[in-house]
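The values are calculated or read from the model by the stated rules, or taken from the named source; none is laboratory data. Here the structure is a predicted model, which is why all the values come from computation and not from measurement. So basically every Cβ, Gly included, is an ideal-geometry build from the backbone, and we count neighbours across all protein chains shown. Surface areas here come from the heavy atoms of the whole protein model, side chains and all, with no ligands, DNA or RNA. Shrake-Rupley method; radii C 1.70, N 1.55, O 1.52, S 1.80 Å.
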Amino acid sequence: MEAIRVENLEKRYGDKTALNGVSLQAPSGLITAILGPNGAGKTTLIRIITTLIFPDKGNVFLFGEDPFKEKKVFNRIGYVQELPNLPPFLSGRELLELSARLKSVPKEDVKRVLEMVGMTENANKKIAKYSKGMIQRIALAEAFLGNPEILIMDEPNVGTDPILNLRMRDILNEMVKNGTTIVMTSHELEEVKKLADKVFLIYRGKVFFEGTTEELILRFIGVRVILETD
Ligand code: ATP
């Protein structure tokens, strides 16, 4: 069964169309990427999937359930926002312990997720003192708490942290092995090539391509060859 299924999503902001009939599915146990340039509609799509905003039309299903009606389904999801804004007066560990309590996850899981993102040594420093890469790591660790069944990452920006960038595929594979389905957005083909199994390319609120990363690369090379020989 697909972990996520969206059907014909439409969303307008005033006279601006952000999504113009997007349908996609994220199969269980894979890493699916939503690739597209800035303004393609990726964040709007993620905000609808996580029910932060309503679509004008269309449906969302998480494990076959409509999250706008079945709020309980959210206990099964971890979400990393684009450019996370974390409370500066807490330490990374305090934030994770608070979050674990809110999610009813055992406190011991904080140690595990800190290790996963390589933040054990810096866990007691205040978030105000963290670099952008460290903030990203703690935001990821928070989403990893309790091994969610679906992990949704909006532009994880791992490129800003070279070590995390190198380890990200291993970290995500470890999550997949523990039963998590992963969906991420990105505007970088290189990042998607490295991290994802399946890709949806969206542009101006529509899906232009769906396939494996290999198929995407072949298609792009094909397009380039046609353009160059035209
Ligand atoms: P980025 O990578 O820059 O975040 P994106 O692919 O996530 O881009 P969205 O943020 O979903 O794209 O934006 C899709 C379109 O909708 C863009 O043209 C954007 O300007 C517009 N848009 C997004 N949010 C709003 C809003 N709150 N009000 C008006 N227009 C919006």
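Highest average first, the peptides 82-89, 2-9 ordered by how many other beta carbon atoms sit within 10 Å of their residues are 2-9, 82-89.
Among 35-46, 139-150, how do they line up from the highest to the lowest mean number of other beta-carbon atoms within 10 Å?
Values: 35-46: 20.1, 139-150: 21.7.
Output ranking for 35-46, 139-150: 139-150, 35-46.
For Ala18, the residues 5 or more places off, or on other chains, whose built amide H falls under 5 Å of its own are Lys11, Arg12, Tyr13. Once the Cα atoms are used to define both axes, helix 132-144 deviates from the longest principal axis of the chain by about 90 degrees. Step through the table entries Lys132/Lys194; Lys11/Lys198; Lys69/Lys193; Lys111/Lys177; Lys132/Lys193, compare each Cα-Cα distance with 26 Å, and write down the pairs that go over it. Going by Cα-Cα distance, Lys69/Lys193 fall outside the 26 Å limit.
Residues whose amide H lies under 5 Å from that of Leu30, counting only those 5 or more places away or on a different chain, are Ile182; hydrogens are built 1.01 Å from N in the peptide plane. Rounded to the nearest whole Hz, the Karplus-based 3J(HN,Hα) values (6.51 cos²θ - 1.76 cosθ + 1.60, θ = phi - 60°) of the range 50-60 follow the sequence 8, 6, 6, 9, 8, x, 6, 8, x, 10, 10, with x at glycine and proline. How far, in degrees from 0 to 90, does helix 92-102 lean away from the longest principal axis of the Cα atoms of the chain, to the nearest 10? It is inclined by approximately 80 degrees.
Gain on full extension, evaluated as 0.36 nm per residue between Lys125 and Asp170 minus their Cα-Cα distance, stands at 13.6 nm. Extension gain for Asn75-Asn8 works out to 21.6 nm (0.36 nm per residue, less the C-alpha to C-alpha distance).
On C-alpha positions alone, give me the angle between the axis of helix 162-177 and the longest principal axis of the chain, in degrees, nearest 10. Between the helix axis and the principal axis of the chain, the angle is about 90 degrees. Among the trypsin sites (Lys or Arg not before Pro) within the range 104-201, those in coil by DSSP and having at most 11 neighbouring Cβ atoms inside 10 Å are Lys107. Compute, for Leu164, the solvent-accessible surface of its heavy atoms (probe 1.4 Å) with the complete set of protein chains present, and express it in square angstrom to the nearest 10. So the heavy atoms of Leu164 present about 0 Å² to solvent.
When the label point is put 7 Å from the Cα of Ser28 along its Cα-to-beta-carbon vector, which residues of the range 165-179 have a backbone N closer than 16 Å? Under 16 Å, as judged by backbone N against the label point of Ser28, lie 176-179 of the range 165-179.
Which percent of the accessible area of the range 105-194 is formed by carbon and sulfur heavy atoms (probe 1.4 angstrom)? Don't skip to the end; give the middle numbers.
Working: 2110 of 4090 Å².
Summing carbon and sulfur atoms, their accessible area is 52 percent of the total for the range 105-194.
Taking amide H atoms as placed 1.01 Å from N in the peptide plane, the amide H of Phe208 lies under 5 Å from those of Leu201, Ile202, Tyr203, each 5 or more residues away in sequence or on another chain. Of all the accessible heavy-atom surface of the range 1-76, with the other protein chains kept in place and a 1.4 Å probe, what percent is carbon and sulfur? Of the solvent-accessible surface of the range 1-76, carbon and sulfur hold 47 percent.
In the full protein context, the chain carries 52 Å² of accessible surface per residue, based on a 1.4 Å probe and ignoring ligands, DNA and RNA. Comparing Gly133, Gly92, Gly14 in a Gaussian network model of the chain (Cα springs below 10 Å), the most mobile by mean-square fluctuation is Gly14.
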